[in-house]
1. Kindly report the accessible area of segment 239-300 per residue (heavy atoms of protein chains, probe 1.4 Å, no ligands, DNA or RNA), in Å².
2. Taking θ = phi - 60°, what integer Hz values does the Karplus form 6.51 cos²θ - 1.76 cosθ + 1.60 yield along segment 193-205, in sequence order, with x for Gly and Pro?
3. How compact is segment 2-299 by the rule of thumb for globular proteins, expressed as Cα Rg over 2.2 N^0.38 Å?
4. Taking H placed 1.01 Å from N in the peptide plane, check which residues at least 5 places from Arg289 or on another chain put their amide H under 5 Å from its amide H.
5. Which links in Lys6/Lys88; Lys94/Lys126; Lys94/Lys141 stretch past 21 Å when you go from one Cα to the other?
6. Hey, can you rank 173-184, 233-244 by average C-beta count inside 10 Å, highest first?
7. Once amide H atoms are placed 1.01 Å from N in the peptide plane, what residues at a sequence separation of 5 or more from Gly297, or on another chain, have their amide H within under 5 Å of its amide H?
8. So which aspartates and glutamates can Lys269 reach, going by Cα to Cα under 16 Å and dropping same-chain residues fewer than 8 places off?
Amino acid sequence: MDIALKIDVDTYRGTLEGVPRLSEALATRGISASFYFSLGPDHTGWALRRVFRPGFLAKVQRTSVVSHYGLRTLLYGVLLPGPHIARKASHVLKATAAAGHETGIHCYDHVYWQDNVATREAAWTKQQVDRAVEAYFEVFKQQATSHCAAGWQVNPHLLALEDTYRFSYASDCRGTQPFLPVMGEYFGHCPQLPTTLPTLDELIGVDGNNTSDAVDHILALSETADGNTHVFTLHAELEGQQLLPEFLRLVDAWQSRGHRLVSLASLRKGLDISQLPRHELTMGMLPGRSGTLALQGPRV
Ligand SMILES: [Zn+2]
């Protein structure tokens, strides 16, 4: 089984600390993974507003947000100005690519995107994606070819932009296998490679599961797949920091079971776009996450 590793990088601290650790640990195992960067200002502190949303407090207690993200990160945008990640950490971004990993766009401003995109219009969406595309180009001196929506938050205008920018693929949602999306009136041509496995933080602390149980659960789910491939999402802020030992146990177990750990670009290369099914892209709930997120819906 090919399992693609999709690494979301949400914060400045995650970029500086989590990314180099993951990049090195994976490269020494001969693995080329995919890193998706938040490229603009880190406004994680704004996320404190989410405290007032149902489900968030339970998640905070389960996963201990302060110890994962650090107090300083939680103050960006509140008491401290949010550092511009692509400018202040461009050396980390470049080093990640130099280590043989794929790089792509997560977003420009994670919190601003996550909290607004579902209800915003075309112009707002274009401004955010344009800023991310420009910031990516400034660092890498080449066009981005992939987009993985922050917080799995999307709208139909994003799908249109992914076509305009001729991205090779996007991974904006949760689902079971690669597909071409339709959302509202918009029929997209950029294939979606959804995250197919649960994340570690969605499992830890749920139903009495400890971290080791969560790893075992993901291993069991990895043995079969609707599309014969899997996409696993991890975060520089979690698996690149406190959960690194458990994540590496998962990686080593996957490899010892004969699974191939690859980048999403590699998964995309194996796809015949003309053969992909078309599915709705819908918003819905998922166990272990608060609020709604983008899901692979019914086939159309
Ligand atoms: Zn993210």
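1. On a per-residue basis, segment 239-300 sits at 50 Å².
2. 10, x, 5, 9, 10, x, 8, 4, 6, 6, 9, 5, x
3. So segment 2-299 has a normalised radius of gyration of 0.92.
4. Amide H to amide H, under 5 Å and 5 or more residues apart or across chains, Arg289 pairs with nothing.
5. Numbers: Lys6/Lys88 23 Å; Lys94/Lys126 25 Å; Lys94/Lys141 10 Å.
Where the Cα-Cα span goes over 21 Å, the pairs concerned are Lys6/Lys88; Lys94/Lys126.
6. Ranked by mean Cβ neighbours within 10 Å, highest first: 233-244, 173-184.
7. The answer is Glu280, Leu281, Thr282.
8. Partners found: Asp2, Glu102.
The values are calculated or read from the model by the stated rules, or taken from the named source; none is laboratory data. Just so you know, these numbers come straight off a predicted model, no measurement behind them. All Cβ positions, glycine included, derive from the backbone under ideal geometry; neighbour counts span all protein chains shown. These area figures cover heavy atoms from the full protein model, side chains too; ligands, DNA and RNA do not enter into them. Shrake-Rupley method; radii C 1.70, N 1.55, O 1.52, S 1.80 Å.
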